[in-house]
Structures are given as C-alpha cells and as structure tokens.
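K.L.:
Sharing a structure below in structure tokens format, with a few things to ask.
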Amino acid sequence: MAIELTINGKPVQVADEPDTPLLWVIRDSLGLTGTKFGCGMAQCGACTVHLNGSAIRSCITPVSAVAGQSITTIEGVSENGLTPVQQAWIEEDVAQCGYCQSGQIMSATALLAYNAAPTDKDIDDAMMGNICRCGSYPRIKKAIHRAAELAREVK
C-alpha cells in the first residue's frame, strides 16, 4: 500500500512498510542523503527533519505516522540561495567534520521560525538534542545569533 507524503514541497508516494522509519524512506526510497543516521534512538539529532515546520527525529518516526503531512529535509530548506542559517554557518565557520550539521541546521531553522531573537538559554534548550562530536557548540551558538541578525536584515 502506497503512503503519500509531501517531501520538500513535492507530493510523493512510497511503498515502504508502515513501520519503516522515516529516515530510511527519505534516504533509501527517495535518495535524499543529506539527512544522516546517527544513533537510531533520537538521542543525537543527526536525523532531524521538519514535520509541518517543527523539528522531529526521523530515525524513530514511522512513515505511517506522517502520511499526508509535509516533511522538509536539508535538501528542501533552501530553494533560492542560502538561508540566513546556512549563511551564518559559513560566516562563523561552524562545520568541522560536518556529519551532524544537517541536523543542527534543521533544529536551528526550526528554532528561529518561532523565536526570531533567541537568548543563549533558548538556543541551549532548542539545540540540546543535537550532538556534535567535534564540539563546535560555541560556533553553533554564535551562528544562530548571526542567523537571527541576518533574518532581521532581510525583512
């Protein structure tokens, strides 16, 4: 039985089993490999995507639970140039090994969508589920503040 989803603004049908984790549908069935597998237990945030604009962990989300809903992956976060978050990531030289960065960017983007001027505590709270083994947390926090500035400049 086909499951209908909207991925990055485009309707798709997948033939995966209903209990297949959304992460594997995104990566294996749809070929969108920007979303990463980390822990498989929603503990590291590498698999973060947006469900109707909110950050979720795709590694523990059965595809049947998101049928008919809108999912955005790192590939769909920007259609026309860089977003303020992506621009800030470059300006602040955030990425080190880069493995966790798509999940970090997705969580930061979701944070800024509902809080345009986050405090350090807001950032710590929103990003606490995203682990970076390289320890780039100070640069991530700086980049989120910079992204908030960039977003305000655009408006």
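The values are calculated or read from the model by the stated rules, or taken from the named source; none is laboratory data. None of the values given here were measured: they were computed from a predicted structure. Here the Cβ is made from the backbone with ideal geometry for all residues, glycine too, and neighbour counts use every protein chain on show. The accessibility values were calculated without ligands, DNA or RNA, using every heavy atom of the protein model including side chains. Shrake-Rupley method; radii C 1.70, N 1.55, O 1.52, S 1.80 Å.
K.L.:
About its Cα centre, how strong a charge dipole does segment 41-138 have in debye, to the nearest 20, once Lys and Arg get +1 and Asp and Glu get -1 at the Cβ? Spell out each step's value before the answer.
P.N.:
Numbers: 3 positive and 9 negative charges, 75 e Å.
Roughly 360 debye, rounded to the nearest 20.
K.L.:
Stretched out fully, how many nm does the piece from Gln69 to Glu4 gain, at 0.36 nm a residue minus the Cα gap? Write out the running numbers ahead of the final one.
P.N.:
On the way: separation 65, 0.36 × 65 = 23.40 nm, distance 0.82 nm.
Taking Gln69 through Glu4 to full extension adds about 22.6 nm, to one decimal.
K.L.:
While we're here: Which of Glu79, Glu17, Glu91 moves the most in a Gaussian network model of the chain with Cα springs under 10 Å?
P.N.:
Glu79
K.L.:
Please report the relative contact order for the chain, taking Cα pairs under 8 Å with a sequence separation of at least 6, and give it as a percent rounded to a whole number.
P.N.:
The normalised contact order for the chain reaches 24 percent.
K.L.:
So which lysines can Lys142 reach, going by Cα to Cα under 26 Å and dropping same-chain residues fewer than 8 places off?
P.N.:
Once the sequence-local lysines are set aside, what remains near Lys142 is Lys36, Lys121, Lys155.
K.L.:
Please work out the average accessible area per residue across the chain, using the 1.4 Å probe convention, and give it in Å².
P.N.:
On a per-residue basis, 52 Å².
K.L.:
Here is a follow-up. Put a dot 7 Å past each Cα toward the Cβ at Asp28 and Val12; how far apart are the dots in nm?
P.N.:
1.4 nm
K.L.:
Which one, Ala113, His50, Thr83, is farthest towards the positive end of the dipole of segment 28-129 when Lys and Arg carry +1 and Asp and Glu -1 on their Cβ?
P.N.:
Toward the positive end, the furthest listed residue is His50.
K.L.:
Hey, which aspartates and glutamates would be in cross-link range of Lys141, C-alpha to C-alpha under 20 Å, not counting anything within fewer than 8 residues on its own chain?
P.N.:
Glu91, Glu92, Asp93, Asp120, Asp122, Asp124, Asp125, Glu149, Glu153
K.L.:
May I ask you to compute the full-extension gain from Asn80 to His145, defined as 0.36 nm times their residue separation minus their alpha-carbon distance, rounded to one decimal in nm?
P.N.:
Net length gain for the segment: 21.2 nm.
K.L.:
Mind listing the phi-derived Karplus ³J(HN,Hα) values for segment 141-155, rounded to whole Hz, using 6.51, -1.76 and 1.60 with θ = phi - 60°, and x for any glycine or proline?
P.N.:
4, 4, 5, 5, 4, 5, 4, 4, 4, 4, 5, 5, 5, 5, 6
K.L.:
Next question. Give me the accessible area of Ile7, 1.4 Å probe, in Å² rounded to the nearest 10.
P.N.:
Only protein atoms counted, so the area is about 10 Å².
K.L.:
Length gain on complete extension for the stretch Met41 to Met128, per 0.36 nm per residue less the alpha carbon to alpha carbon distance? Could the numbers behind the result be given before it?
P.N.:
On the way: separation 87, 0.36 × 87 = 31.32 nm, distance 1.48 nm.
Contour length minus the Cα-Cα distance gives 29.8 nm.
K.L.:
In sequence order, what are the phi-derived ³J(HN,Hα) couplings for segment 84-92 according to the Karplus relation 6.51 cos²θ - 1.76 cosθ + 1.60 with θ = phi - 60°, rounded to whole Hz, with x for glycine and proline?
P.N.:
Using θ = phi - 60°, the values come out as x, 5, 5, 4, 5, 4, 6, 4, 8 Hz.
K.L.:
Quick one: among Gly38, Gly98, Gly53, which has the greatest mean-square fluctuation in a GNM of the chain with alpha-carbon springs under 10 angstrom?
P.N.:
In this elastic network of the chain, the residue with the biggest mean-square fluctuation among Gly38, Gly98, Gly53 is Gly98.
K.L.:
Right, here's the next one. With a 1.4 Å probe and every protein chain kept in, tell me what percent of the accessible surface of segment 1-143 is carbon plus sulfur. Before the final figure, lay out each step's value.
P.N.:
Details: 3810 of 7170 Å².
After summing per-atom areas, the C and S share lands at 53 percent.
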